[in-house]
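The values are calculated or read from the model by the stated rules, or taken from the named source; none is laboratory data. Small disclaimer: the values here were computed from a predicted structure and weren't measured. Cβ placement follows ideal geometry from the backbone for every residue including glycine, while neighbour counts extend to all protein chains displayed.
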Amino acid sequence: MSLEINKLTKTFGAFWALDGVGLEVRDGEFLALLGPSGSGKTTLLRVLAGLEQPDGGNISFNGENLIAQNVRERGAGFVFQHYALFRHMTVAQNIGFGLQVRPKETRPPKETIKKRVEELLSLVQLEGMGKRYPSQLSGGQRQRVALARALAIEPKLLLLDEPFGALDAKVRKELRRWLRRLHREMGLTSVFVTHDQEEALDLADRVAIMNKGKIEQAGTPQEVYRSPANAFVYDFLGGANKLDCVIDNGLVKFDSYEVARPDLAGVSGKATAYARSEDIAIVPATMRGIPATIGEVFLAGPAPRVELKLANGAFVEAIVRDAPGAPLDYGAQVALQPQAFRVFPET
Amino acid sequence: MGAALGGIGTMAGGFSTSSAGRRDPVALRIGLTVVAVGYLLLFIGLPLITVLTQALVRGVDEYIRAIEDPEAISAIQLTLTVAAIAVPLNMIFGVAAAWCVAKFDFVGKSLLVTLIDLPFSVSPVVSGLVYVLVFGAQGWLGPWLDSMGIQVIFTTTALVLATIFVTFPFVARELIPLMQSQGQEEEEAALTLGANGWQTFYRITLPNIRGALLYGVLLCNARAMGEFGAVSVVSGHIRGQTNTMPLQVEILYNEYNFVAAFAVASLLALLALVTLSLKSLLEWRFRDQIAATRRH
């Protein structure tokens, strides 16, 4: 029982917003769609909700063909980036809307609706706010009303479009933790869109990284962080340094510094290596390594962060976890040894 | 309408900058105020007072007799009938047009917007003449309509058509910028919550545009009742049959029947005053919505 997306395509004029997307969301899973703007993640979410019609491909949810159903039949809860609360209705009316518009036969009686609204208000920690109007609420409160409104229709699938995008950093963090807890309690299959990699890795059971209308990689936060599938994922997940290098039949050369990589035997040519900041060791200039000059040193935080300039002008950031192998003085000459890195040959 | 509203906007802007920022010399402020108020009194206040005094110059009895004249009654009825048909139709058209323009992308959208503005840029007399050209006895459809036994020109139908043409931009012009700025997220939210098309329109779209819609309808109605040019061309001036109030005023005036002319005119002036006060009321009640339409 899950959501299965197959070869989904969608174009806007000449622009391919979705270019053969395939993805599986497991039952009860909290999945993040992560990607830069224009990567198609919001389009994918809107197609799932039925707000956009795909050009091709199929979506099945618990065995049902979702594309054949319209927005109303799908009954997916959708939380909009800018909340889209009904500005002329109170918070309680907003939350009750989905029940209120049901046809007479399935509409719950007034008292039931009222009780349900109260329950949802307490679920999103907004007890006593039912009579307020959206304009009288803070951003975080509005977002929670939007969520309560989407949950009121008891959706089997919850879709959230940049749910924390319009909030300030502190509220965002609190709301994130709260949503994580809420999801754990309810176990509702949820998909949320974000361009913030930290948010995606923190919050989701699995992360799908999108680029140019395609899924680049899908996996648990650990998987995508530890073993990115390609250069884009490495680059986008951040914290990675890009190092120009040349591969010569299993030998990776950074200027004068060479590292043997038997797995690259038979490969030759220019390449880009990615190394995470915490995987770069700083050693004295007299030792083997990539020559670099120390720039700014940031000592606040759990481990010192050092900015280094390479001979070709590129900047590298290193996080020094253990005792530094060389004094961290501004302008000092040092050598860098990438301890772990991935090499992607230029194609 | 555009010029008048533009004027209000500029005046408000002028006051706020002078009070918030630099201080203008007192003499300049007083001078400008006197010029503005004097100008208004001279060109708007004075004629209004003249209309009322002229209407009552021979006493209230004469005034009432002039209004109770069968031809005057018929003109009032006709004006009300025309407005009662034209205004609701233009309200529906205006909402529909604004809906398409604001919420959908389609080929010919800019052409539609231009067409909506057309009546504002064409002299009403010209639009009246166009109707004569199309429906008149020598017009394109005239002979065919004649053979069907239908007469358009010189009937109430023609008056309604001409009035619709002249007043159709009012509602659409008010709504388009507002609906564009509101976007369609709320409608989409309603759909995902299970509302059908009608529920979405009635419960979400309509409440969000209510103020601007009423405002547009009010302006549309004022123009529909006061329209002279287009109506004059297609009316034929048949007394007691196709004379609306403005036309009746002209006829009476040309016959040197000043008291009666001004008596009917005073009713139109009264309509203007009622419209103005309703307009102020709406502007106050729905200031947020109306402010949104002014931004564009």
Of everything in the stretch A:75-91 that's of a type in the set (A, V, I, L, M) and buried (at least 21 other Cβ atoms within 10 Å of the Cβ), which residue is nearest to the other protein chains (Cβ to nearest Cβ)?
A:Ala84
Take A:Val47 and tell me if it is farther than 17 Å from A:Gly165 by Cα, of a type outside the set (Gly, Ala, Ser), within 14 Å of another protein chain (Cβ to nearest Cβ) and in contact with a Gly (Cβ under 6 Å, 6 or more places away or on another chain).
no
Just name the residue that is surrounded by the most Cβ atoms within 10 Å (Cβ to Cβ) out of those in the stretch A:238-292 that are at pLDDT below 85 and under 24 Å from the mean Cα position of the chain (by Cα).
A:Ala240
Scan the stretch B:233-289 for residues that are outside any helix (DSSP H, G or I) and within 17 Å of B:Ile67 (Cβ to Cβ) and report the count.
6
Can you tell me which residue is farthest from the chain's Cα centre (by Cα) among those in the stretch B:63-82 that are over 15 Å from B:Asn221 (Cα atoms) and of a type in the set (Val, Ile, Thr)?
B:Ile64
Does B:Gly211 satisfy the condition of being buried (at least 20 other Cβ atoms within 10 Å of the Cβ) and modelled with pLDDT under 90?
yes
Would you point out the residue of the stretch A:47-74, among those that are in contact with a strand residue (DSSP E or B) (Cβ under 8 Å, 6 or more places away or on another chain) and among the acidic types (Asp, Glu), that is surrounded by the fewest Cβ atoms within 10 Å (Cβ to Cβ)?
A:Asp55
Single residue of A:Arg142, A:Arg172 found to be in contact with a Phe, Trp or Tyr (Cβ under 6 Å, 6 or more places away or on another chain), free of Cβ contacts under 8 Å to residues at least 40 places away in the same chain and either within 14 Å of another protein chain (Cβ to nearest Cβ) or closer than 30 Å to A:Glu24 by Cα (or both):
A:Arg172
Mind counting the residues in the stretch B:149-182 that are part of a helix (DSSP H, G or I) and touching a Ser or Thr at 6+ places or on another chain (Cβ under 9 Å)?
17
Restricting to the stretch B:153-167, and then to whatever is out of contact with any Gly (no Cβ under 6 Å at 6 or more places or on another chain) and surrounded by fewer than 23 Cβ atoms within 10 Å (Cβ to Cβ), can you tell me which residue is farthest from the other protein chains (Cβ to nearest Cβ)?
B:Thr155
Odd one out for A:Asp329 among (1) surrounded by 18 or more Cβ atoms within 10 Å (Cβ to Cβ); (2) over 25 Å from A:Asn230 (Cα atoms):
(1)
From B:Arg173, B:Arg203, residue being charged (D, E, K, R), out of contact with any Phe, Trp or Tyr (no Cβ under 7 Å at 6 or more places or on another chain) and away from chain A (no Cβ under 14 Å):
B:Arg173
Taking the residues in the stretch A:104-139 that are touching a residue at least 24 places away in the same chain (Cβ under 8 Å), assigned to a helix (DSSP H, G or I) and more than 27 Å from A:Arg74 (Cα to Cα) as candidates, determine which candidate is farthest from the other protein chains (Cβ to nearest Cβ).
A:Gly139
Taking B:Ala272 as meeting all but one of (1) under 23 Å from B:Ile92 (Cα atoms); (2) more than 14 Å from chain A (Cβ to nearest Cβ); (3) aliphatic (A, V, I, L, M); (4) in contact with a Gly (Cβ under 9 Å, 6 or more places away or on another chain), write down the number of the exception.
(1)
In the stretch B:183-215, which residue that is touching a residue at least 60 places away in the same chain (Cβ under 8 Å) and in contact with a Ser or Thr (Cβ under 7 Å, 6 or more places away or on another chain) is farthest from A:Ala150 (Cα to Cα)?
B:Ala212
